[in-house]
Amino acid sequence: MSLSLPLPSRSSQIRTLAITPASRKHKFLHIPQQWTPSRPLQHLHTNHQYYLSRTSFQCMSRSQQEEYEVERLFSNLNQVTLKREPGSLSSAILLVAGTTIGAGILAIPAVTQESGFLASSVACILCWIFMVTTGLLIAEVNVNTMCELGSGGVSLVSMAKRTLGVAGVQFSCWSYIFIHYALLIAYVARSSDILTNFLGIPLWESATLFSLVFGGICYFGSQRFIGAVNGLLVFGIIISFTSLVVAASGDLHLDALLKANFSAVPMSIPIIALSFVYQNVVPVLCTNLEGNLSKVRTAIVLGTAIPLGLFLVWDGVILGSISTPEMADKIADPLQQLLSTNGVVGPIIQAFSFLAIGTSYIGFVLGLSDFLADFLKLPAGENKPLPYILTLIPPLVLALLDPEIFFKALDFAGTYGVLVLFGIIPAAMAWSDRYSSSSTSIKLQQLVPGGKVTLSLVMGAAGFIILSEILENFMHL
């Protein structure tokens, strides 16, 4: 389908500039109703860039170093009615929050009990700032890539190929696939265990039921429907979380919250960072919000701030309820101790765990299926089942075979995969996108300030944690 961008003319005829489709669904570039060219329009040339601002359609030479504010790059259109269906900011916030709140929150008390609540709270806030920064960097590169390619629905493959070359594509692709499959396996295994205990059905039936229901929502559901389902799940998380906090806070020891062992913090950072993973849905977010950078920034910051608050309260309630402080040398889960001493919280924890896994599962399925569709170069404008089959079936099969063999893979994904794929690589892509002379994309506003200093700090922090973990593991061989 050929799309066109109307350009102004003094005559009654409308001249057009042909562009490529903006995503897998039919989309058009947005043009303000009232606008005037800031400079005389010229024929498209490599030395000039055409782009849209809130009030004008501008043409600038690439030699001019300016930032431009774009309301949106295109409009999402319903394939049947051809009416615009703009992405909802509230749905985008809930998608980020739901993707972030996953099974990782259940492991936070176990990995932070040695460092204590005070030190682990500092670590959580720092990890949140770090992961927000890398998510904004991904969004910045994603929107710039959409501008250059003239296509929406751009995944990490196209972003890495454009900024890091072939080697960057291969490394990013396999890291991305490995992390997603590992986490999806964990989600299916844990959710099937919960459903089996609740419904009394065999494990394979509960795992299949979970995959079919949530996978079907992702494949058949529209943006609004998925947003509504995700909103209900997040609402359920908040209700169950509140009930859990009320039930578990009766035996809260305030002095236990003052414990701070900062030397043990580095050991907990990989799991905390893994708990804040949401970057896989950022390309989906940018497409749903039509490339609106202001909305994308708001969705990422607020969408991750909700899990941050939940993580801090959750960690404080669990660690503050531990009656035995000497647990540093034990492989003990504070949740298990809480379950053994407080029978009321058992069903609430199960409900909270299932809802948290469900929201993350939706986000990871959407992210991986979009990634695979771009990786396989499937035709745009069609909702092909192949990416969803490749996304849903392997985790289901592997989780049923023997999920325990993937626990070490999950640890590896948190320690190395997440910090590399969602730490070093976003900063490297942004560096290339901002400062490489070969980049020909429209330079929109930067979502992360600080220039090369900020990018260097991001890559340096991730590299330091990875090297620390490598040395720690080497010393225990």
> What residue, of Val317, Val246, is modelled with pLDDT under 85 and open to solvent by 20 Å² or more (accessible area, probe 1.4 Å)?
Replying inline: Val246
>> Contact list please: Cβ distance under 7 Å, first residue in region 158-174 and surrounded by fewer than 24 Cβ atoms within 10 Å (Cβ to Cβ), second residue of a type in the set (Ser, Thr, Tyr), pairs at least six apart or on different chains.
In response: Ser158/Thr145; Leu164/Ser432
> Tally time: how many residues in region 269-282 are touching a Gly at 6+ places or on another chain (Cβ under 8 Å) and open to solvent by 10 Å² or more (accessible area, probe 1.4 Å)?
Replying inline: 2
>> Give all pairs with beta carbons closer than 8 Å in which a residue from region 177-198 that is free of Cβ contacts under 8 Å to residues at least 24 places away in the same chain meets a residue that is not in a helix (DSSP H, G or I); count only pairs at least 6 apart in sequence or on separate chains.
In response: Thr196/Pro202
>> Of the conditions (1) open to solvent by 10 Å² or more (accessible area, probe 1.4 Å); (2) small (Gly, Ala, Ser); (3) part of a helix (DSSP H, G or I), Ala299 satisfies every one except a single condition; which number is it?
In response: (1)
>> Report every pair of residues separated by at least 6 positions or lying on different chains whose Cβ atoms are under 6 Å apart, first residue within region 106-122 and in contact (Cβ under 8 Å) with a residue 12 or more places away in the chain, second basic (Lys, Arg) and open to solvent by 10 Å² or more (accessible area, probe 1.4 Å).
In response: Gly116/Lys259
> What helices (runs of 4 or more DSSP H), lying completely within region 349-462, carry at least 1 residues that are at pLDDT 90 or above and open to solvent by less than 60 Å² (accessible area, probe 1.4 Å)?
Replying inline: 386-401, 425-435
> Of the residues Val188, Val143, which single one is modelled with pLDDT of 85 or more, crowded, with 16+ Cβ neighbours inside 10 Å and touching a Cys at 6+ places or on another chain (Cβ under 6 Å)?
Replying inline: Val143
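This table checks each residue for (1) among the β-branched types (Val, Ile, Thr); (2) under 15 Å from Gln113 (Cβ atoms).
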site	(1), (2)
Met267	no, yes
Tyr278	no, no
Glu290	no, no
Leu293	no, no
Val296	yes, no
> Do the conditions hold for Thr208, that is, is it of a type in the set (Ser, Thr, Tyr), part of a helix (DSSP H, G or I) and farther than 19 Å from Gly104 by Cα?
Replying inline: yes
>> Given the criteria buried (at least 16 other Cβ atoms within 10 Å of the Cβ) and aliphatic (A, V, I, L, M), does Ile179 qualify?
In response: yes
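The values are calculated or read from the model by the stated rules, or taken from the named source; none is laboratory data. None of these values were measured; they are calculated from a predicted model. As a convention, Cβ positions derive from the backbone with ideal geometry for all residues, glycine included, and neighbour counts pool all protein chains shown. Surface accessibility is based on the protein's heavy atoms, side chains included, excluding ligands, DNA and RNA. Shrake-Rupley method; radii C 1.70, N 1.55, O 1.52, S 1.80 Å.
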